[in-house]
Structure formats: structure tokens, C-alpha cells
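Read through the structure below, which is laid out as C-alpha cells, and then see the notes.
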Amino acid sequence: MSLKSEISRLEKLSRKLEPPPTLRRKVRGEVVSYTEAFLNSLAEGKAYQSISDMGIGLLSEPVGEKPLPVRKALKLLKHSVDFPALNPASGGHLGYIPGGGLYYASLGDYMADVTNRYAGVYYAGPGAVRMENMLIRWVAGVVGYPASSAGNLTSGGSIANLIAICTARDAKRVKAATLSRSVIYLTHQAHHSLEKAIRIAGLAECPIRHVPMDKAYRMDPLALQQQIKEDIRNGLIPFLLIASAGTTDVGAIDPMPELAQIAKKHRLWFHVDAAYGGFFVLTKEGKRKLKGMEKSDSLVIDPHKGLFLPYGIGIVLVKDRKQMNATHYYQANYMQDALSATEEPSPADLSPELTKHFRGLRMWLPLKLHGLAPFRACLQEKLLLARFFYEEIRKLGFETGPPPQLSVVTYRYVPPKGDPNIFNKKLLKFVQEDGHVFISSTLLEEKFILRFACLSFRTHKSTVDTLLKVLKRAMVRLMKRGAQR
Ligand SMILES: *Cc1c(COP(=O)(O)O)cnc(C)c1O
């Protein structure tokens with residue numbers, strides 16, 4: 001076969017990768033029908049589906065040479081992916097930290113994927129990079145960081161924390177020789193992604209101090225102060241203080257103004273993990289409660305939590321942009337000088353990534369199309385729903401943790417007889433099997449505790465009423481069973 005005829009044969013086949021407009025319309029139509037049906041079923045549907053096969057059917061269709069018709073693909077998706085277990089798009093998702101899924105964000109992703117703009121380097125995609133930097137500056141302003149701060153749109157809070165921890169390590173010149181004397185301070189309630197980041201950043205050999213907390217699971221500044229002094233006396237070098245602005249477990253906010261002062265006094269890098277709680281700053285109440293987070297050196301905040309975006313976007317902010325760049329620059333030292341305050345930095349110089357998804361568009365589009373007012377209202381609604389749930393669950397005779405600082409409530413029922421841990425495990429199981437709403441649990445001082453975590457933009461008062469109803473039903477059932485024994 002001649003070269004030309006071989007090329008022409010290949011071209012015919014490779015052109016199949018560009019479907020013509022009619023075929024695009026057909027496939028797009030099927031996909032839109034699918035997503036519309038999904039969205040329209042959310043209000044009625046369950047938040048959790050217990051199904052034993054857990055999507056195993058997907059494996060019966062391995063990747064192969066032959067194309068699969070779109071309907072078949074969607075059927076597979078529906079049965080094996082979008083049906084089993086937790087439905088994070090449901091407003092009934094009240095476990096862990098609920099996710100979002102704003103529709104306009106999906107359209108932003110759609111456009112970002114179609115145009116495939118390059119958002120790694122300013123030179124290659126100036127508009128895309130400008131958009132991301134503009135969003136970062138907006139978030140910096142919202143949390144009280146100066147406009148000169150640097151930042152990055154990451155895949156989520158974990159990578160954002162990693163970027164901050166690596167920057168802190170380099171800023172404080174923690175090297176092999178000083179590793180075992182450089183001390184890190186956090187509480188047992190800090191998110192596990194931080195311990196993971198510490199390990200990945202090569203800081204596993206640093207002494208790690210779990211600072212005692214008060215009754216509401218907030219870091220005790222006095223205990224921190226004492227620990228730092230003791231460490232200094234023992235010839236150690238306190239270097240990093242990590243606070244949480246809304247812990248995942250109980251929604252606790254560490255006393256950031258006091259912690260910032262201590263960090264400043266002892267020249268520690270002060271990192272605030274606001275992945276869950278940060279965007280409550282858009283409400284008056286949240287702004288008051290989150291005071292002090294602007295005093296940190298670095299901060300993590302997750303738009304795929306508090307801005308209700310679909311999974312896949314977190315943000316890290318670092319005040320010292322030179323330092324963030326020094327840790328992550330892409331090409332060479334000589335690029336550093338190009339990073340003046342007036343110029344747009346490139347994401348590739350501020351994160352481990354080079355080529356990356358154009359994440360800015362999925363955040364920009366919903367913010368622009370909705371405006372901020374509904375976001376503020378939705379966040380305030382979540383704070384009030386948590387307070388409402390807290391009051392109602394107490395009326396039902398449940399024991400609760402402290403009043404919610406943000407939108408997480410911890411609670412459990414202590415039955416007149418028997419092991420409360422077993423009882424509450426059964427309660428949880430009942431709620432999960434019912435499936436209308438989904439809740440999760442945690443362990444606090446060996447106690448099995450139920451959590452109410454309210455952050456889905458689709459959660460409203462009727463959702464909370466449903467949870468209360470299901471819990472009441474579960475109680476009746478379990479008490480009856482207990483009485484029969
Ligand atoms: C969710 C969360 C993280 C981790 O963020 P991901 O986006 O899941 O990677 C870190 N810290 C806190 C407080 C969180 O709630």
C-alpha cells in the first residue's frame with residue numbers, strides 16, 4: 001500500500017473523532033435528556049440507595065475497539081454510576097461535608113472542554129489565566145487578604161493544603177538538618193489531608209504537637225503558648241501553626257485572632273484550613289465568626305463546598321507571592337523577576353501542575369449568571385437550618401454537642417437502657433436504609449455521634465423536616481424492639 005493511500009485510510013478513521021453537527025446534536029440531545037431527567041428526579045429521589053452490586057456492571061463493558069451507542073453508554077452510567085449508594089447532588093445529603101453541583105458550573109465545564117483554553121501559563125492563555133487570577137483576587141478580598149496575595153485554583157482542598165504546607169516549609173527554611181527539630185502545631189480535629197500533606201511534603205519527621213482543645217473542640221491558645229515555650233526551652237524550632245476555620249467533624253472554628261498573635265510572636269507560619277467553613281464569610285454572621293483568618297500566611301477554601309460548585313475545585317491563597325512562586329516556579333529562577341504585582345502570574349508557577357483543567361470558567365459562570373445575593377442567602381439559610389435542627393433535635397430528647405458554630409450539629413440519643421453507641425449505630429443504619437436523607441457519624445471521645453452537616457444548596461427546611469421525621473420513626477422502631485427484648 002502506498003504511503004498516500006495509507007494516510008487516507010487512517011484519515012477516514014481518525015476523522016470519526018470529530019462528529020458532524022447532526023451527530024453532535026443527537027448525542028448532545030441524549031446527554032441533555034439524561035441530565036434533565038436526573039435533575040428533575042432529585043426532589044423525589046433518594047439521597048442514598050443501598051444496592052449490593054455497587055456498579056459492578058460497568059466492568060462488563062471493557063474499553064474496546066468498537067464504538068458503543070450513546071444510549072447504551074448512558075444506560076450503563078445510570079445503572080452502575082449514578083444509581084448506587086450516595087447521591088451527592090441530592091439536597092438530602094446531610095453527611096460528611098455535602099457537595100454542590102450548580103448547573104451553570106456544569107455549563108462552564110462544558111465550554112471549557114469544548115474550547116479547551118490553556119489555563120496553565122499566561123502567555124498561552126492570557127484570558128483564561130486572567131479569569132482565574134481575577135477569581136483568586138476576588139476570594140482574597142472576600143477573606144480579607146491583600147490584593148498582592150497569590151493563589152491557585154486547585155482540584156480541591158487537599159492539594160490546596162499541600163501547596164500551602166510546601167510553601168510554609170520553604171519559607172521557614174526547613175531542611176534535612178533541621179527537620180527533626182521543626183515543630184508543627186495543630187489539633188486532633190484538623191482535617192486528615194493536612195497530616196497527609198505534611199507527609200508528602202517530606203515533613204513526617206517533624207515533631208507534631210496536637211494542641212489540647214476546649215469543650216467545643218477549638219484549639220486552646222494558652223495550651224499552645226505553653227507548648228511552644230516548652231519546645232523552645234528544649235531547643236526545638238516551632239515553625240508551623242495550623243488552624244481550622246470550621247472543622248469537618250464538628251464545624252469548630254479555632255480562635256484565630258489569638259492564634260495569629262501567638263504565631264506572630266514566635267514567628268510561626270500561620271496556616272488556616274477554611275476548606276469547609278471559609279465561604280460563610282459571605283454572610284454577616286460568618287464574617288464575624290471567621291474574624292482573624294485574614295491574619296494567616298496561607299489559607300485554603302473550597303468552592304466545591306461553600307460555593308456549591310461540582311467536585312473538582314479548591315483554592316489556596318498565600319500572602320507572600322514570592323515565596324509561593326519560589327516553591328512552585330515552573331521554568332527557572334529568572335522567571336521570578338517577571339512576577340511583579342501588576343502582572344498576571346501563571347498558575348503553573350504557583351502549583352505542582354503544568355497543564356490543567358480550565359477550572360476558572362466553572363466558577364466564573366455561576367457567579368456571573370446568578371450574582372452574589374443568592375449565594376449569601378443560601379449560606380445564611382444553611383446556618384439557620386443548622387440552628388433549627390439543633391433546637392428541634394433537643395426537643396426530641398437527643399443529647400447534642402455545643403450549639404453549631406457553622407452548619408454542623410453533633411447529636412446522639414442516650415436510651416434509658418443499653419449501650420448508646422449500639423443504639424446510635426442502629427439509628428444511623430435505619431436512616432441510611434430509608435435513604436430519603438443521608439447522614440454520617442463520627443467518634444468523639446469514644447462516643448458514637450451522629451452528624452448533621454448542612455451545605456448542599458438543595459437542602460431546605462423541608463429536607464430537615466424529613467430528617468426529623470425519619471429519626472422519629474427510627475426511634476419508635478428501635479424503642480419497640482428494645483422493649484421486646
Ligand atoms: C474537605 C476538607 C478538606 C479536604 O478538601 P478536599 O476538597 O476534599 O480535598 C480539607 N480541610 C477541611 C476542613 C475540609 O472540610
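For the stretch 153-182: of the residues being under 16 Å from Leu299 (Cβ atoms) and among the small types (Gly, Ala, Ser), which is farthest from the ligand (Cβ to nearest atom)? Per the criteria, the residue is Ala171.
Please enumerate the residues belonging to the stretch 127-182 that are among the hydroxyl-bearing types (Ser, Thr, Tyr) and at pLDDT below 95. Full working, then the answer.
We begin by selecting, within the stretch 127-182, every residue among the hydroxyl-bearing types (Ser, Thr, Tyr); these are 145, 148-149, 154-155, 158, 167, 178, 180, 182.
The answer is Ser148, and nothing else.
Checking each residue in the stretch 138-147 for being away from the ligand (no atom under 16 Å from the Cβ) and either surrounded by 19 or more Cβ atoms within 10 Å (Cβ to Cβ) or within 20 Å of Tyr118 (Cα to Cα) (or both) picks out Ala140, Tyr145.
Anything in the stretch 227-240 that is within 16 Å of the ligand (Cβ to nearest atom) and in a helix (DSSP H, G or I)? List them, or say none. Lay out the reasoning, then the answer.
Step one: list which residues in the stretch 227-240 are within 16 Å of the ligand (Cβ to nearest atom), which gives 240.
Passing the criteria: none in range.
Among the residues that make up the stretch 416-426, is at least one of them among the acidic types (Asp, Glu) and closer than 20 Å to Tyr390 by Cβ? The answer is no, given that none of the residues of the stretch 416-426 is among the acidic types (Asp, Glu) and closer than 20 Å to Tyr390 by Cβ.
On the basis of being buried (at least 24 other Cβ atoms within 10 Å of the Cβ), more than 20 Å from the chain's Cα centre (by Cα) and modelled with pLDDT under 95, does Ser340 make the cut?
no
Kindly indicate whether any position in the stretch 31-46 is at pLDDT below 95, in a loop (DSSP other than H, G, I, E, B) and either in contact with an Asp or Glu (Cβ under 9 Å, 6 or more places away or on another chain) or farther than 23 Å from Ser106 by Cα (or both). Yes: the stretch 31-46 contains one or more residues that are at pLDDT below 95, in a loop (DSSP other than H, G, I, E, B) and either in contact with an Asp or Glu (Cβ under 9 Å, 6 or more places away or on another chain) or farther than 23 Å from Ser106 by Cα (or both). Looking at (1) part of a loop (DSSP other than H, G, I, E, B); (2) within 12 Å of the ligand (Cβ to nearest atom); (3) in contact with a Phe, Trp or Tyr (Cβ under 9 Å, 6 or more places away or on another chain), which is the only condition Gly312 fails? (3) is the only condition that Gly312 fails. Within the stretch 108-126, the presence of a residue that is within 16 Å of the ligand (Cβ to nearest atom), crowded, with 22+ Cβ neighbours inside 10 Å and not hydroxyl-bearing (Ser, Thr, Tyr) is excluded.
Every listed requirement among (1) away from the ligand (no atom under 16 Å from the Cβ); (2) not in a loop (DSSP other than H, G, I, E, B) is met by Ala243 save one, (1).
Of the listed requirements (1) surrounded by fewer than 24 Cβ atoms within 10 Å (Cβ to Cβ); (2) away from the ligand (no atom under 16 Å from the Cβ); (3) in contact (Cβ under 8 Å) with a residue 60 or more places away in the chain, Ala150 misses just one: (1). Is it the case that Asp297 is away from the ligand (no atom under 16 Å from the Cβ), crowded, with 22+ Cβ neighbours inside 10 Å and touching a residue at least 12 places away in the same chain (Cβ under 8 Å)? Considered against the rule, which asks whether it is away from the ligand (no atom under 16 Å from the Cβ), crowded, with 22+ Cβ neighbours inside 10 Å and touching a residue at least 12 places away in the same chain (Cβ under 8 Å), Asp297 comes out as yes.
Please count how many residues of the stretch 183-197 are among the aliphatic types (A, V, I, L, M) and either more than 23 Å from Gln225 (Cα to Cα) or away from the ligand (no atom under 13 Å from the Cβ) (or both). Talk me through it step by step, then tell me what you get.
Going through the stretch 183-197, the residues among the aliphatic types (A, V, I, L, M) turn out to be 183-184, 186, 190, 194, 197.
From the residues that got through so far, the ones that are either more than 23 Å from Gln225 (Cα to Cα) or away from the ligand (no atom under 13 Å from the Cβ) (or both) too are 183-184, 197.
So the answer is 3.
Looking at the stretch 200-226, which of its residues are within 15 Å of the ligand (Cβ to nearest atom) and of a type in the set (Lys, Arg)? Arg218, the sole residue that qualifies. Within the stretch 74-90, one or more residues are closer than 24 Å to Pro303 by Cβ, polar (S, T, N, Q) and part of a loop (DSSP other than H, G, I, E, B).
Which is away from the ligand (no atom under 13 Å from the Cβ), in contact (Cβ under 8 Å) with a residue 12 or more places away in the chain and surrounded by 24 or more Cβ atoms within 10 Å (Cβ to Cβ), of Leu259, Leu282? Steps first, please.
Working: Leu282 fails: surrounded by 24 or more Cβ atoms within 10 Å (Cβ to Cβ).
One residue alone meets the criteria, Leu259.
The values are calculated or read from the model by the stated rules, or taken from the named source; none is laboratory data. Only a predicted model underlies this, so the values are computations on that prediction, with no experimental measurement involved. In this analysis, Cβ positions are derived from the backbone assuming ideal geometry, glycine residues included, and neighbour counts consider all displayed protein chains.
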